[in-house]
Each structure stands twice: as structure tokens, then as C-alpha cells.
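Undergrad: Questions regarding the structure given below will be posed in turn.
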Amino acid sequence: MCGRVAQFGTFREIVELLRWPGPADEKQKSGERYNIPPQTPLRLLHAEGDTLVQDLVRWGWKPHWAKDNRLPSNARLEGVAHSSYWRAIWSHRAIAPIEGWFEWIKDVAAPEKKLPFCIRRKDKHFNP
């Protein structure tokens, strides 16, 4: 996970990109969304039997035993499957179709302010 993300594509576009062979169900519709922070609903894809399902799910994870109030913003691939922090949700993985993420840069005119800068593919296609 990174701090803030964007979801531009439609459910139909994502299903076509994934070449999903079975039925697909958009349980909860969601339009284009920009600068989505943790703790807010995010579109997730998961399988229910042979059906690909899209749901809006609160984005973020913190195990009950974690002491601080911050959500982690990144999980390293080589450690996430065996980490005690992520172990409880590892079997509940889903696809989060993210088309861009935001980094914050200082405003040249007012250095005390930060501006969101969306990073995505130059051709604006989904990453397969």
C-alpha cells in the first residue's frame, strides 16, 4: 500500500484486462476516484466461486495487537507472506485495481504547502 491512490478504470475495463473467463458481478458501483486516503472505501476485486466480484472495502489494515494508531503504508513482497503483521489477512487477499498513486511535493510558490502529484503510466493504460 502507498499513502493515497487513484482508481480511474471501470469495472468492465478491468474484467476485460484480466481476461476473466467466468461471470463478473459489480456488487457496489464506483466511479472514478482520485486521491483516496487510507480508511476510506476502495474498490477491491475478489472471487466468489467462479464469479469475479467488485466491492467497496475500507482500505487499510491494522491487527488488533498493534500499539500505534498509524496504518502501514507499504508491505515488502519478500516478507509479507511470513510477517506476523500480515499473517491474519494473507489468506483473504484481493486485487486492488490502482491506476495511480500520489506523492506530495512542496509548492514552489508557498514552500510550507504540499501539493498532490499523481504518478501513473505515461500512456494512461492499466498495469497488467
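The values are calculated or read from the model by the stated rules, or taken from the named source; none is laboratory data. Treat the numbers as computed from the prediction; the structure is a model and nothing was measured. Heads up, the Cβs are rebuilt from the backbone with ideal geometry, glycines too, and the neighbour counts pull from every protein chain shown. Heavy atoms of the whole protein, side chains included, go into the accessibility calculation; ligands, DNA and RNA do not. Shrake-Rupley method; radii C 1.70, N 1.55, O 1.52, S 1.80 Å.
Undergrad: Restricting attention to the range 58-91, which residues are of a type outside the set (Lys, Arg) and touching a strand residue (DSSP E or B) at 6+ places or on another chain (Cβ under 8 Å)?
TA: Matches in the range 58-91: TRP59 only.
Undergrad: Return the total of residues in the range 12-58 being at negative phi and within 14 Å of the chain's Cα centre (by Cα).
TA: Result for the range 12-58: 20.
Undergrad: Those residues that are open to solvent by 70 Å² or more (accessible area, probe 1.4 Å) and either closer than 30 Å to ASN69 by Cα or at pLDDT below 85 (or both), I need them from the range 19-51; list them, please.
TA: Scanning the range 19-51 gives LYS27, GLN28, LYS29, GLU32, TYR34, GLN39.
Undergrad: Taking the range 75-128 as the search range and keeping residues that are open to solvent by less than 100 Å² (accessible area, probe 1.4 Å), part of a loop (DSSP other than H, G, I, E, B) and of a type in the set (D, E, K, R), which one is nearest to PRO37 (Cα to Cα)?
TA: Of everything passing the filter in the range 75-128, GLU99 is nearest to PRO37 (Cα to Cα).
Undergrad: Next question. Restricting to the range 9-18, and then to whatever is open to solvent by less than 30 Å² (accessible area, probe 1.4 Å) and touching a residue at least 60 places away in the same chain (Cβ under 8 Å), can you tell me which residue is farthest from PRO116 (Cα to Cα)?
TA: ILE14
Undergrad: Still on this structure: So if I check each of ARG58, ARG93, ARG76, which one is at pLDDT below 75 and either among the charged types (D, E, K, R) or under 24 Å from VAL15 (Cα atoms) (or both)?
TA: ARG76
Undergrad: I would also like to ask the following. Please verify whether ARG70 is open to solvent by 70 Å² or more (accessible area, probe 1.4 Å) and either over 22 Å from PHE11 (Cβ atoms) or in a strand (DSSP E or B) (or both), treating the condition exactly as stated.
TA: For ARG70, the condition - open to solvent by 70 Å² or more (accessible area, probe 1.4 Å) and either over 22 Å from PHE11 (Cβ atoms) or in a strand (DSSP E or B) (or both) - is met.
Undergrad: Now for a separate question. If I go through the range 105-128 residue by residue, how many of them are in contact (Cβ under 8 Å) with a residue 40 or more places away in the chain and in contact with a strand residue (DSSP E or B) (Cβ under 7 Å, 6 or more places away or on another chain)?
TA: 3
A quick yes/no check of all residues on (1) touching a residue at least 40 places away in the same chain (Cβ under 8 Å); (2) basic (Lys, Arg); (3) within 16 Å of ALA6 (Cα to Cα):
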site: LYS27; (1), (2), (3): no, yes, no
site: GLY31; (1), (2), (3): no, no, yes
site: GLN39; (1), (2), (3): no, no, yes
site: ALA47; (1), (2), (3): no, no, no
site: LYS67; (1), (2), (3): no, yes, no
site: GLY79; (1), (2), (3): no, no, no
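Undergrad: Could you count how many residues in the range 1-57 are aliphatic (A, V, I, L, M), out of contact with any strand residue (DSSP E or B) (no Cβ under 6 Å at 6 or more places or on another chain), assigned to a helix (DSSP H, G or I) and more than 11 Å from ALA96 (Cβ to Cβ)?
TA: Counting residues in the range 1-57 that are aliphatic (A, V, I, L, M), out of contact with any strand residue (DSSP E or B) (no Cβ under 6 Å at 6 or more places or on another chain), assigned to a helix (DSSP H, G or I) and more than 11 Å from ALA96 (Cβ to Cβ) gives 2.
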